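As structure tokens, the structure follows; a few thoughts come after it.
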């Protein structure tokens, strides 16, 4: 991350990353397919932590609550383990570089599939399992973006809870008139 | 699609695709960056159709209903325009080849951003706009998978409506005991 910030992601070579980490290139490639993968070293661990929590959740918990509680715990763990400057630097890279963003999309799609599978193993039927998984991912993403974008960041977990409340409100609205639409008419170009 | 099915996606070359379409390779590359892009020729059109519908939706419609109605209409249009065999063949390619799946994820992420932007233009605030967009995408994906996987396919739009009802039920469940969990205990390995 230091190198990516100093020299730019595109300019940084695997040779430089290996040198900064004090390993040979050969060793680097034993762990990572390329320099992009360095930014996803925690992906499998994140997924495993979330799946483990879903598996051990109280049997009476609803699917969405089970998922959101697992994401909240994972969010709190991430917040404890990582410096916020690191998290923000990584997020800036994801939003700036298409190839990193694509890898992030794959990570989240894999996570959604793992979450849905874990819910089915608890006896949740489809499509509830997939929808609870996708809803959980949406809440995690929105909570994350709000957390890293705040000037004075509060708890990641609190942002996830706020996002799930907002999602519940969005889902509860029926077709009819809604207070969420501003009175001001939309101007067209 | 004929060539991909006859020869396999990996084996098919741009030269062959261009020849089958009766154009030169040079012409092919004026329209598509590579052979994968051929499978995404409708992506921009789909996005535009959905955004247009959101822009012209009744002002009193709730965010989620606005999004779902736009997806339903897009789904019905797709169903009218494309032979189901074509849609299924494309879906089989997406699930089989990682590089196509990645491009599909990018397409859906781009669509989610465009939908959220169109909602904000209607005066929907964040995070409701992003959550309604993500919820809509989830419902579209689940509805699509059910539609193409059915032995005797019904309407795509009906599957989208069923998925949004399921999502509303998932979101409405509070922490407590739920009838969605089967009585049978989950076996652990």
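The values are calculated or read from the model by the stated rules, or taken from the named source; none is laboratory data. Note that the structure is a prediction, hence the values are computed from the model and not measured. Don't worry about glycine lacking a Cβ; one is built from the backbone with ideal geometry, like all the others, and counts go over all protein chains shown.
When the range B:113-128 is examined, which residues are found to be at the interface with chain A (Cβ under 9 Å from one of its Cβ atoms) and buried (at least 22 other Cβ atoms within 10 Å of the Cβ)? Outline the logic, then answer.
In the first step, residues of the range B:113-128 are kept if they are at the interface with chain A (Cβ under 9 Å from one of its Cβ atoms); the result is B:121-128.
Hits for the range B:113-128 are B:124, B:127, B:128.
Which residues, counting only those in the range B:153-189, are under 21 Å from the mean Cα position of the chain (by Cα), modelled with pLDDT under 85 and at the interface with chain A (Cβ under 8 Å from one of its Cβ atoms)?
None; the set is empty.
Among the listed residues B:23, B:38, which satisfies the condition of being more than 14 Å from every other protein chain (Cβ to nearest Cβ), at negative phi and free of Cβ contacts under 8 Å to residues at least 12 places away in the same chain?
Exactly one residue qualifies, and that residue is B:23.
Might you let me know whether the range B:5-19 holds any residue that is under 27 Å from residue B:112 (Cβ atoms) and touching a residue at least 12 places away in the same chain (Cβ under 8 Å)?
Yes, the range B:5-19 has at least one match.
Is it the case, given these coordinates, that residue A:88 is modelled with pLDDT of 90 or more, in a helix (DSSP H, G or I) and over 19 Å from residue A:55 (Cα atoms)? Spell out the reasoning first.
Numbers: modelled with pLDDT of 90 or more: yes; in a helix (DSSP H, G or I): yes; over 19 Å from residue A:55 (Cα atoms): yes.
Taking the combined requirement at face value, the residue satisfies it.
Can you pull out the helices (runs of 4 or more DSSP H) entirely within the range B:1-85 that have at least 3 residues that are farther than 28 Å from residue B:145 by Cα and out of contact with any strand residue (DSSP E or B) (no Cβ under 7 Å at 6 or more places or on another chain)?
Counting at least 3 such residues, we get B:14-21, B:25-31.
Scan the range B:22-30 and tell me whether some residue there is farther than 30 Å from residue B:128 by Cβ, surrounded by 12 or more Cβ atoms within 10 Å (Cβ to Cβ) and in the same structural domain as residue B:166 (by TED's automatic domain parsing).
no
Among the residues of the range B:142-152, count how many are more than 9 Å from every other protein chain (Cβ to nearest Cβ), surrounded by fewer than 24 Cβ atoms within 10 Å (Cβ to Cβ) and in contact with a helix residue (DSSP H, G or I) (Cβ under 6 Å, 6 or more places away or on another chain).
Within the range B:142-152, residues that are more than 9 Å from every other protein chain (Cβ to nearest Cβ), surrounded by fewer than 24 Cβ atoms within 10 Å (Cβ to Cβ) and in contact with a helix residue (DSSP H, G or I) (Cβ under 6 Å, 6 or more places away or on another chain) number 1.
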